[in-house]
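I have placed the structure first, in the form of structure tokens, so that the comments after it can refer back to it.
The values are calculated or read from the model by the stated rules, or taken from the named source; none is laboratory data. Keep in mind it's a predicted model, so treat the numbers as computed, not measured. Cβ coordinates were reconstructed from backbone atoms using ideal geometry, including for glycine residues, and neighbour counts include every protein chain displayed. Just so you know, the surface numbers come from the protein's heavy atoms only, side chains and all, with ligands and any DNA or RNA stripped out. Shrake-Rupley method; radii C 1.70, N 1.55, O 1.52, S 1.80 Å.
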Amino acid sequence: KVDFKGITILILLTLLIDYFADSRASTVIMILIILISLFHKNFVSILSKQNSKHLIIRNLVLFLSFFTLMIVAMYRNYSDFAIFVNKLTTNRIWSISLFYNKYGIHLFGSQLTLVSTETAALLNTKAYILDSCYANLIIQYGLFVYVIVCVLFRKGFDRLFASKNYNLILIFVLLLFYGLVENSILKISYNFFLLYFAELIRHNKEVTHE
């Protein structure tokens with residue numbers, strides 16, 4: 001448990017990281033820590049009850065993927081809400097729509113031509129990045145890999161619920177929501193929790209909740 005002083009320090013650190021480093025990943029991790037510290041008991045109470053929330057969390061990758069595709073479809077039909085979301089997420093919906101038009105969705109994915117922000121700045125051109133984790137999975141890696149990821153996350157959440165490891169469930173839920181605007185959550189170099197998740201699935205057993 002973190003007291004008021006600790007929360008204040010965490011908030012200041014978050015603001016400093018955001019201002020000086022401009023690192024969204026680091027900022028999100030700090031916000032995640034603050035949220036867990038503030039509402040830990042509430043989250044645990046909600047997760048410990050057997051209800052429809054368990055079904056949603058176990059299939060969260062599927063639900064968030066559907067939400068992503070739905071927003072893109074709305075954007076292509078000039079929905080005011082989708083246009084607002086696109087502005088809010090710095091043209092990420094436009095980017096997904098662009099890559100979908102060019103590459104489509106295939107069983108084994110497509111080799112995308114990407115232009116990073118740094119490269120675009122050097123060449124004085126526009127950046128072409130597919131930031132959304134779910135759009136990246138479906139378009140770049142294809143439906144085959146996407147289904148495997150859905151199954152693995154479902155299996156991992158089953159193990160975590162069985163072992164009542166609500167802290168890690170909460171961490172992964174927040175990171176999966178972060179995946180709506182970033183594809184880094186499936187990279188070990190950014191999300192070291194995947195190592196624990198993979199170990200949990202590989203051993204096919206419950207993990208003791210500490």
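Worth pointing out:
- Residue ID - nearest to the chain's Cα centre (by Cα), chosen from residues in the stretch 134-156 that are among the small types (Gly, Ala, Ser) and either open to solvent by 20 Å² or more (accessible area, probe 1.4 Å) or under 25 Å from Leu98 (Cα atoms) (or both): Ala135
- Of Phe81, Phe99, all but one fail to be open to solvent by 30 Å² or more (accessible area, probe 1.4 Å), modelled with pLDDT of 90 or more and more than 16 Å from the chain's Cα centre (by Cα); the exception is Phe81.
- Failed item, numbered, when Lys87 is tested on (1) within 28 Å of Ile56 (Cβ to Cβ); (2) touching a helix residue (DSSP H, G or I) at 6+ places or on another chain (Cβ under 8 Å); (3) of a type in the set (Lys, Arg): (2)
- The lone criterion from (1) within 30 Å of His40 (Cβ to Cβ); (2) under 19 Å from the mean Cα position of the chain (by Cα) left unmet by Lys164 is number (2).
- Tally, over the stretch 55-78, of residues that are among the basic types (Lys, Arg) and either within 30 Å of Tyr166 (Cα to Cα) or crowded, with 19+ Cβ neighbours inside 10 Å (or both): 1
- Every condition in (1) part of a helix (DSSP H, G or I); (2) of a type in the set (A, V, I, L, M, F, W, C); (3) more than 19 Å from Ile185 (Cα to Cα) holds for Ile105 except the one numbered (1).
- Any chance Thr27 is modelled with pLDDT under 75 and over 28 Å from Ser163 (Cβ atoms): yes
- Selected residue (criterion: farthest from Leu114 (Cα to Cα)) from residues of the stretch 71-101 that are outside any helix (DSSP H, G or I) and polar (S, T, N, Q): Ser79
- Of residues in the stretch 157-192 being hydroxyl-bearing (Ser, Thr, Tyr) and closer than 18 Å to Asn136 by Cα, the one least open to solvent (accessible area, probe 1.4 Å): Ser184
- Residue list for the stretch 102-133, restricted to those being under 17 Å from Glu182 (Cα atoms) and open to solvent by 60 Å² or more (accessible area, probe 1.4 Å): Leu114, Thr117, Glu118, Tyr128
- So Arg92, is it touching an Asp or Glu at 6+ places or on another chain (Cβ under 9 Å) and open to solvent by less than 30 Å² (accessible area, probe 1.4 Å): yes
- Yes/no for Ala121 being more than 30 Å from Ile34 (Cα to Cα) and modelled with pLDDT under 85: yes
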